[in-house]
Amino acid sequence: MPKPHSYSSLSMYERCPRQYAFRYIEKAEIPELPLDWRMHAGSVVHAALEFIYLKSSKNKKVELEKIVEELQRKWDEAIALSSVPVTPEELLPFVQQSVKNVEYYYQHHFLPETEATLGVEHKVMLPLFPQRKQWLIGFLDRVSSPEESVITIHDYKTGKQTLTNKTLLQDFQATLYGGMAAHEFGKEMPLKKIELKWHYLSHEKTVSAILTPDASRSAIQKAQNLSTRIGYSSQTGLFPAQEGAHCSYCDFSTICPAKKKSN
């Protein structure tokens, strides 16, 4: 059975087929580099918010102090595992921002919200091409239900705000996740509505939209097209490099033929 595609793998192929081949086909070794602490801060925040809902689902009182302790524990682990020595002082801005992100979400979303949580880091699967046994896999930060036959897909963002209420339905990730959730939860109950909520924690803002059938259909068709192109590239061995701004932070820049040619 072919390995499932994901939003990340499809987006990587769309951005640069050569990068996709390095990562998923050739599994090229990545030089050991210092952690990107800004990106790691996002992972720590996600883990802390997952901790909140997992504790609350077990009818345990979730105190902010305990969440911040969990957050600090994650940072301590990262410092211990870092391949490059780093001091707590160097990490202080990232730690402070992650605490601020979690405190904001806790006070303005977790405490006042009454929606039932259906899943945290919830795995969803969608058959892109059943005859080829080609699936799409995704993990939703959180799924909740404000009322019967209605679900809300939550996604946490710690970086810059790139979407608005008007543009959320034009985003590939948001509409693809919505379509996958519709397939997954539609098997359990008739769905009247799916709401998308993207939480930009550093901006203390949430953008939202109601998923439309056209938007989810378009995202799934795009995923199918990218999957077909990946299949063609795999058969022919053609994974051309596509240069752009992403080259500056590509893990494979030291071995990329396009980079060597430009040098």
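Here are a few things to note about the model shown:
- Qualifying trypsin sites (Lys or Arg not before Pro) in the range 176-241, DSSP loop, other Cβ atoms within 10 Å at most 14: Lys187, Lys192
- Qualifying trypsin sites (Lys or Arg not before Pro) in the range 1-92, DSSP loop, other Cβ atoms within 10 Å at most 13: Lys27, Lys58, Lys60, Lys61
- Net dipole in debye of the range 115-231 [+1 Lys, Arg Cβ; -1 Asp, Glu Cβ; about Cα centre; nearest 20]: 520
- Per-residue ³J(HN,Hα) for the range 141-157, Karplus 6.51 cos²θ - 1.76 cosθ + 1.60, θ = phi - 60°, Hz, x for Gly and Pro: 3, 7, 10, 10, 9, x, 7, 4, 6, 10, 10, 10, 9, 10, 9, 9, 10
- Label-point gap, in nm, between Asp214 and Gln161 - each point 7 angstrom along Cα→Cβ: 2.6
- About its Cα centre, the chain has a charge dipole of approximately 1000 debye under the convention of +1 per Lys or Arg Cβ and -1 per Asp or Glu Cβ, with nothing else charged.
- Global geometry of the range 178-218, whether rounded, prolate or oblate, following the gyration tensor of its Cα atoms and the 1.5 cut on a/c: prolate
- The range 209-263-the range 120-141 distance, computed between alpha-carbon centres (Å): 19
- Based on Cα contacts under 8 Å between residues 6+ apart, the range 115-236 shows a relative contact order of 24 percent.
- The loop-placed GluC sites (Glu not before Pro) in the range 159-205, going by DSSP, that have at most 10 neighbouring Cβ atoms within 10 Å of their Cβ come out as Glu188.
- Taking amide H atoms as placed 1.01 Å from N in the peptide plane, the amide H of Cys250 has no partner under 5 Å among residues 5 or more positions away or on other chains.
- Relative contact order [Cα under 8 Å, 6+ residues apart], the chain, whole percent: 22
- In Hz, Karplus ³J(HN,Hα) per residue of the range 101-108 (6.51, -1.76, 1.60; θ = phi - 60°; x = Gly, Pro): 4, 5, 4, 4, 5, 4, 6, 9
- Viscosity 1.567 mPa s, temperature 4 °C, Stokes-Einstein D of the range 115-236 from Kirkwood C-alpha radius, µm²/s: 86
- Taking label points 7 Å from Cα along the Cα-to-Cβ direction, Ser82 and Glu148 give a separation of 5.3 nm.
All of the numbers you see were taken from the coordinates with simple rules; none came from a lab. The structure presented is a predicted model; accordingly, all values stated were derived computationally and were not measured. Backbone-built Cβ (ideal geometry, glycine too); neighbour counts: all protein chains shown.
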